[in-house]
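Worksheet: the structure to be examined is printed underneath.
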Amino acid sequence: MAVAVVNCYFSVLSSTVKFPSAAQPCFSASLCSSSSCHTLKPVCRSSGASNSRSEKEGVAKKLIGNGEIRSGSGRGKPGAYKPFGTQRREKKESVVDQKEKQVEARNLQDADFLNAVVKVYCTHTAPDYSLPWQKQRQFTSTGSAFMIGDGKLLTNAHCVEHYTQVKVKRRGDDTKYVAKVLAKGVDCDIALLTVESEEFWKGAEPLHFGSLPHLQEAVTVVGYPLGGDTISVTKGVVSRIEVTSYAHGSSDLLGIQIDAAINPGNSGGPAFNDQGECIGVAFQVYRSEEAENIGYVIPTTVVSHFLNDYERNGKYTGFPCLGVMLQKLENPALRACLKVESIEGVLVRRVEPTCDAHNVLKEGDVIVSFDDVHVGCEGTVPFRSNERIAFRYLISQKFAGDVADLGIIRAGEFMKVKAELNPRVHLVPYHIDGGQPSYLIIAGLVFTPLSEPLIDEECDDSIGLKLLAKARYSLAKFKGEQIVILSQVLANEVNIGYEDMSNQQVLKLNGTPIKNIRHLAHLVDSCKHKYMVFEFEDNYITVLEREAALASSTSILKDYGIPAERSSDLLEPYIDSVVGGQADQEDLGDSPVSNLEIGFDGLIWA
């Protein structure tokens, strides 16, 4: 992963991501190595400065079901997942208390598969979400990648997050070659690269993927972690295989836990079995005073899913979800009340309005099978010989657009229904597609969609509890719905009295509920009234004279050095894609997005 370490429980080896507060460890992914932290982090090595307040304040945050950030407050001292990377802009990490097993083993140093591992150099330029018309200062990071054949390289998505330039260098070579990013899977933290130079590929031998390893099976992690420019080899064993949280993508996918030393810069490097087969990609570690040598590897099953998705669609479409919140059925009285005679099944407690399951499932249904595989009362299904694994593992084996056969019990009657699986629609996204957030400036009022990076940059205490509650717990009622907020007010004569407003959700313009920022821009452009009346949370209103507001635009942009009054994506004609009415803006939702956010494992998102 890229080299940057953040203060949180889980961290990705190369980028930093933050997680929600809960009585559980938090996760974080980071583009490069930073200061030490107790978190789940990506393992990337980076040099340069990131302006993320989370890194400065050590706030543990986690992406939940691919979507939420919460400050972590665990039971006791939490651990964290960290990126396998290192950022030079911060002090050198002191997270490695144990003696590292980074020894270039004699029996491995001449192995052919080591020559397929390359070093990744990335320059990152992240958006400034508080000032959405500009970007932050660039910084650099280093990570690892490896050849998989057909002129392609595999690495972690957090190693090339917000990239402006990517270069790679082979082992034993002093030439860096420019690489092109073909696809990024944020949810699975995998990226696909290619190098056009034929010189780079001379004598290259791609790695071969192996099957999913077993417990106690030996594993060797290879990469370019901090502490040197030559390749590093660490050895350990497989200690656990289960569905785990991916810090960078805030998703839950199959992961391999190992005890081999993994550090910033290891992100994107391969893990091998004793036969020299690649069994996964190193991507995050768990840092804690109470635990040592807990690293995580993306298994080849997830890697294969990513590659097959890319080949089938010409791009990466993402892992699908069922879109339901489930409750375990361990209690006999609960099963009896629901007329479930067998000790199996999970109770549907909430269904996302944007998913296809909303058309076939109801609250109170009990899912007892998925594609004819029986689901246990704890939400688990059979896995390999004598193991069980979380029910959502079966969902992750599907592709976007696939149909699942669900066996359900409704009011005591068994029936079968079909549901199409598609990637989840997040009301508040964890990552911004296209790199730069949308914004609209009207008479100095800066409007932008609410996103997790913006919350991270602004800090929770400046956002407001009601808005945070919506960001954490509300579900999108339709595709394209956004929470649009007034980020700040650029002081000018035309907005006197409104200068102190910031981070408030705008609900209506001249009585029309706002669906998203494109809709807001359309309402402004089509407004013919003398006044523009904006209604905000807590019944606060802002009134602007329309002609004066439009006339002030040029001087405000000049005074604040802003290139345009709106982002380029808002220049396109507005098309209303919402079908079936408008979402209720006052509905906060009554359920958490993930059980990890509240420290209670009775509720499960699928």
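Residue-wise test of (1) of a type outside the set (D, E, K, R); (2) surrounded by fewer than 24 Cβ atoms within 10 Å (Cβ to Cβ).
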| residue | (1), (2) |
| --- | --- |
| A145 | yes, no |
| G151 | yes, yes |
| A157 | yes, no |
| E161 | no, no |
| K169 | no, yes |
| G172 | yes, yes |
| Y177 | yes, yes |
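Restricting to region 188-205, name every residue that is in contact with a helix residue (DSSP H, G or I) (Cβ under 9 Å, 6 or more places away or on another chain) and closer than 21 Å to T142 by Cα.
Listed by number, the residues that qualify are C188, D189, I190, A191, L192, L193, V195.
Going by what's in this entry, would H214 be described as assigned to a helix (DSSP H, G or I), at pLDDT below 95 and assigned by TED's automatic domain parsing to the domain that holds H124?
no
Rundown of residues vs (1) within 25 Å of P213 (Cα to Cα); (2) in contact (Cβ under 8 Å) with a residue 24 or more places away in the chain; (3) assigned to a loop (DSSP other than H, G, I, E, B); (4) in the same structural domain as E481 (by TED's automatic domain parsing), yes/no style:
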site	(1), (2), (3), (4)
N293	yes, yes, no, no
E330	no, yes, yes, no
A336	no, no, no, no
V381	yes, no, no, no
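Of the residues that sit in region 268-277 and are out of contact with any Phe, Trp or Tyr (no Cβ under 6 Å at 6 or more places or on another chain) and of a type outside the set (S, T, N, Q), which one is surrounded by the fewest Cβ atoms within 10 Å (Cβ to Cβ)?
So, considering only residues that are out of contact with any Phe, Trp or Tyr (no Cβ under 6 Å at 6 or more places or on another chain) and of a type outside the set (S, T, N, Q), the one surrounded by the fewest Cβ atoms within 10 Å (Cβ to Cβ) is D274.
For I514, all conditions in the list (1) surrounded by fewer than 19 Cβ atoms within 10 Å (Cβ to Cβ); (2) in contact with a Leu (Cβ under 7 Å, 6 or more places away or on another chain); (3) of a type outside the set (G, A, S) hold save one; what is the number of the exception?
(1)
Please verify whether K184 is in a strand (DSSP E or B) and surrounded by fewer than 19 Cβ atoms within 10 Å (Cβ to Cβ), treating the condition exactly as stated. Don't jump to the end; show me each part of the working.
Working: in a strand (DSSP E or B): yes; surrounded by fewer than 19 Cβ atoms within 10 Å (Cβ to Cβ): no.
No.
Are there any helices (runs of 4 or more DSSP H) wholly within region 456-560 with 1 or more residues that are of a type in the set (V, I, T), and if so which?
In region 456-560, the matching helices (runs of 4 or more DSSP H) lie at 460-463, 517-525, 553-560.
What's the total number of residues in region 216-232 that are among the aliphatic types (A, V, I, L, M) and touching a Ser or Thr at 6+ places or on another chain (Cβ under 6 Å)?
Matching residues across region 216-232 total 2.
Of these, L427, L394, which one is among the hydrophobic types (A, V, I, L, M, F, W, C), within 17 Å of D187 (Cβ to Cβ) and either in contact with a Pro (Cβ under 6 Å, 6 or more places away or on another chain) or crowded, with 21+ Cβ neighbours inside 10 Å (or both)? Give the derivation first.
Working: L394 fails: either in contact with a Pro (Cβ under 6 Å, 6 or more places away or on another chain) or crowded, with 21+ Cβ neighbours inside 10 Å (or both).
Selected residue: L427, the only one of L427, L394 that is among the hydrophobic types (A, V, I, L, M, F, W, C), within 17 Å of D187 (Cβ to Cβ) and either in contact with a Pro (Cβ under 6 Å, 6 or more places away or on another chain) or crowded, with 21+ Cβ neighbours inside 10 Å (or both).
Name every residue in region 477-487 that is buried (at least 20 other Cβ atoms within 10 Å of the Cβ) and either out of contact with any Pro (no Cβ under 9 Å at 6 or more places or on another chain) or in contact (Cβ under 8 Å) with a residue 60 or more places away in the chain (or both), in order of residue number.
To start, the set of residues in region 477-487 that are buried (at least 20 other Cβ atoms within 10 Å of the Cβ) comprises 477, 481-487.
Result: K477, E481, L486, S487.
Yes or no, residue by residue, for (1) touching a Cys at 6+ places or on another chain (Cβ under 6 Å); (2) crowded, with 17+ Cβ neighbours inside 10 Å; (3) at pLDDT 95 or above; (4) farther than 28 Å from P299 by Cα:
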{"position": "C355", "(1), (2), (3), (4)": "no, yes, no, no"}
{"position": "V366", "(1), (2), (3), (4)": "no, yes, yes, yes"}
{"position": "S385", "(1), (2), (3), (4)": "no, no, no, no"}
{"position": "G401", "(1), (2), (3), (4)": "no, no, no, no"}
{"position": "A411", "(1), (2), (3), (4)": "no, no, no, yes"}
{"position": "K418", "(1), (2), (3), (4)": "no, no, yes, yes"}
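What residue, of G318, G265, G280, is over 16 Å from K152 (Cβ atoms) and surrounded by fewer than 24 Cβ atoms within 10 Å (Cβ to Cβ)?
Just one listed residue meets the conditions, G318.
The values are calculated or read from the model by the stated rules, or taken from the named source; none is laboratory data. Everything numeric here is computed off the predicted structure, so don't read it as measured data. No Cβ is skipped: glycine too gets one built from the backbone with ideal geometry, and neighbour counts run over all protein chains shown.
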